[in-house]
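Structure first, commentary second.
Read-outs: derived from the displayed coordinates by stated rules, not from any lab. Since we're looking at a predicted model, the values are computed, not measured. Here the Cβ positions follow ideal geometry from the backbone for every residue, glycine too, while neighbour counts run over all protein chains shown.
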Amino acid sequence: MNKAIFYHAGCPVCVEAEQQFVTALNPSNYQVEEVHLGNDKGRISEAEASGVKSVPALVIEGAPFHINFGASINDLK
């Protein structure tokens, strides 16, 4: 099974992206982990290492996909 990580900050843009994109992924193909960077700041460096520049972002098999713009990763530090 492929892994996808949805990084977000809990803002309205992030919640909307979660509802639209994460639920659109086929659960038999992707295991999705949701990471709230506002609550779990220890994972910000992991998100940055994956290429995340802003949230919400979905990292699928190591490739970051930025969805709209909720907050810069720098604003979450």
Over the chain, the sum of -39500 (n - 2.57) across DSSP H runs of at least four, divided by residue number and rounded to 500 deg cm²/dmol, gives at 222 nm -4500 deg cm²/dmol
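Of all trypsin sites (Lys or Arg not before Pro) in the range 1-73, which ones are in loop regions per DSSP and have a Cβ with at most 16 other Cβ atoms within 10 Å?
Passing sites in the range 1-73 are K53.
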Take the range 1-73, compute every pairwise Cα distance, and split them into 5 Å bins from 0; I just need the percent in each bin. 3, 19, 32, 27, 14, 4, 0
What are the extents of the Cα atoms of the range 36-77 along their three principal axes, listed from largest to smallest and rounded to whole Å? 23, 20, 14
Most mobile of S54, S45, S28 per a Gaussian network model of the chain (Cα springs, under 10 Å)? S28
Using DSSP, restrict attention to beta bridges with both residues in the chain and report what percent are antiparallel, rounded to the nearest 5. 60 percent
